[in-house]
Every structure is written in C-alpha cells, then in structure tokens.
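> Dropping the structure in here first, questions after.
The values are calculated or read from the model by the stated rules, or taken from the named source; none is laboratory data. Please read all numbers here as calculations on a predicted model, not as lab measurements. With ideal geometry, Cβ positions are generated from the backbone for all residues, glycine too; neighbour counts draw on all protein chains shown. Heavy atoms of the whole protein, side chains included, go into the accessibility calculation; ligands, DNA and RNA do not. Shrake-Rupley method; radii C 1.70, N 1.55, O 1.52, S 1.80 Å.
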Amino acid sequence: MTTVTLYDYWRSSASYRVRIALNLAGIPYTAVSVNLIERDHKSPEHLDRNPQGLVPVLDIDGQRFTQSLAILEYLNDNRYLELLPHAPIEKAKHRALAQSIAVDVHPVCNLSVMQYATDNGAHTREGWIKRFMGPGLEAFEALLASFPTTSFCDGDQPKLADICLMPQLYNADRWGVSYAHCPRIVAIKAACDAHPAFQAAHPDAVKP
C-alpha cells in the first residue's frame, strides 16, 4: 500500500480541513510538519513540493496535490465521502455555504495577510481578525437559515461546509471572536466536536 503523506502545519486552517477529510475517509497518513512560524514553507525543499510555498500538500495515489479545496474534492470523488449533495441545485447551495468561509473569510484572516496588514501599526491583529471573522460567521449563520435544522450544516453527516467551518471556529476561539449569538453554529460545533474524525484532526491533537 502506498504511503500517504500530508505536509501541514498544526494550526493551518487549510491543513486542518484536509486532516478532517482524511480521517472521515479512514485513510492512515504520515504527517510532516512545515513550520510556518519558522518559515519552513519558504525553504527550497518545500517550494519544490509547492511553488506557492503553502500548506497543505498531500501525496496520495502516486500524485501530489495542493490547495485544500481541490484536495477535498479529490478525496470526495475517489473515496466517496459524500461531502456534497448529489442534486445540482443543492450542491451549488452547499458549495456557496462552504465557500463563504473558505473563500471569503479564511484568506483575509490567514497568517501572511494578517501580518502584512498589521505590521505598519494601523491595525492590531485582534482588531483585524474581529473585523472580518465576526461578520463572516454571522453571515454563515444567516445562510444556514435556508437549510433544514440538522445535526451538521446540511444533514446528519458532516459535509464540506462543516469541514470549512470548524477550523474557522478554532481561530475564532483563539482570537476572542464570539459566536455565542449564532445558535446554529454553536449546535453544529457541538456535533463536530463529538465526532472522532474532527477530534483527531484538532490542532491540539496533532501539535508537534
């Protein structure tokens, strides 16, 4: 059996997503830490893996993949995870829910953007995060209103939106962004927290 290797950083939201999906698929993998704080992602060795100098990078099935959403799509298509509904309309709406976090909130709040935006002293890191993450989570809660109330975002099994949401909630907790006024999000977090695939992927569980 070919070894599966995940190059990640324990606090990387994108890496966290992929860890959840690998756990949901029951795929054993070897984790190789790429320390973003020590700039290991800019080393020649890592740039050879991914010219963007980003994590995660997943070696699986004799291939190398980058970009967490593309990796999730590959795992969904090849490991039959059912991370998306089958019907085109429902699939598009679920993708939009997931992307409201993964495409709109996460990139603005990731480490490199936050550092660049706050290094000149015009913003504090806490202020920057709260400016974008708080409204983003409130919008996610509003979007959930068009989905039936279920254990997870969209049904009784975790899907793409849950995988995108949980790393952002980890960051919200780190930076003091409250979502206690978002009852659907609070309930979904409880369901994910109780799920073994999410528990094993949590940064505290994989911290080097």
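> At 1.4 Å probe radius, can you tell me the per residue accessible area of the chain in Å²?
Working: 10360 Å² over 208 residues.
So the chain comes to 50 Å² accessible per residue, rounded to a whole number.
> Taking the DSSP beta bridges in the chain as the whole, what percent of them are antiparallel, to the nearest 5? Present the calculation step by step, with values, prior to reporting the outcome.
Working: 8 of 12 bridges.
Close to 65 percent.
> Apply the Karplus curve 6.51 cos²θ - 1.76 cosθ + 1.60, θ = phi - 60°, to the phi angles in the stretch 41-52 and return the couplings in whole Hz, x for Gly and Pro.
Once rounded to whole Hz, the list reads 6, 9, 6, x, 4, 6, 5, 5, 6, 9, x, 6.
> Residue-wise, which Karplus ³J(HN,Hα) couplings in Hz belong to the stretch 147-159, taking 6.51 cos²θ - 1.76 cosθ + 1.60, θ = phi - 60°, and x for glycine or proline?
Taking θ as phi minus 60°, the curve returns 10, x, 6, 9, 4, 10, 4, 8, x, 9, 10, x, 10 Hz for the stretch 147-159.
> Given springs between every Cα pair under 10 Å in a Gaussian network model of the chain, which of Y74, Y179, Y170 has the largest fluctuation?
Its mean-square fluctuation being the largest, the pick is Y74.
> Let me ask something additional. Working with all protein chains in place, sort K189, K42, K207 by solvent-accessible area computed with a 1.4 Å probe, largest first.
K207, K42, K189
> Can you say what percent of the DSSP beta bridges in the stretch 4-75, counting only those with both residues inside, are antiparallel? Round to 5.
Numbers: 7 of 11 bridges.
Percentage antiparallel, nearest 5: 65.
> For R125 and S178 in one chain, what is 0.36 nm times their gap in residues minus the Cα-Cα distance, to one decimal in nm? Before the final figure, lay out each step's value.
Working: separation 53, 0.36 × 53 = 19.08 nm, distance 1.57 nm.
So the extension gain works out to 17.5 nm.
> Remind me, relative contact order of the stretch 75-182 in percent, using alpha carbon pairs under 8 angstrom and six or more residues apart? Show your work: numbers first, answer last.
Values: 92 pairs, mean separation 34.2, N = 108.
Computed over the stretch 75-182, the figure is 32 percent.
> First obtain the Kirkwood hydrodynamic radius of the chain from its Cα pairs, then insert it into the Stokes-Einstein equation at 4 °C and 1.567 mPa s, and state the resulting D in µm² per second as a whole number.
Working: Rh = 17.6 Å.
Diffusion coefficient, whole number: 74 µm²/s.
> Can you give me the long-range amide H partners of V32? Hydrogens built in the peptide plane at 1.01 Å from N, cutoff under 5 Å, separation of 5 or more residues or another chain.
Here L6, Y7, D8 satisfy the definition.
> Could I ask something else about it? Of the heavy-atom accessible surface of the stretch 49-208 (probe 1.4 angstrom), what whole percent is carbon and sulfur?
Values: 4370 of 8000 Å².
For the stretch 49-208, the apolar C and S fraction of the accessible surface comes to 55 percent.
> With the dipole of the stretch 33-157 worked out from charges on the C-beta (+1 for Lys and Arg, -1 for Asp and Glu) around the Cα centre, which of C109, L81, T150 lies farthest toward the positive end?
C109
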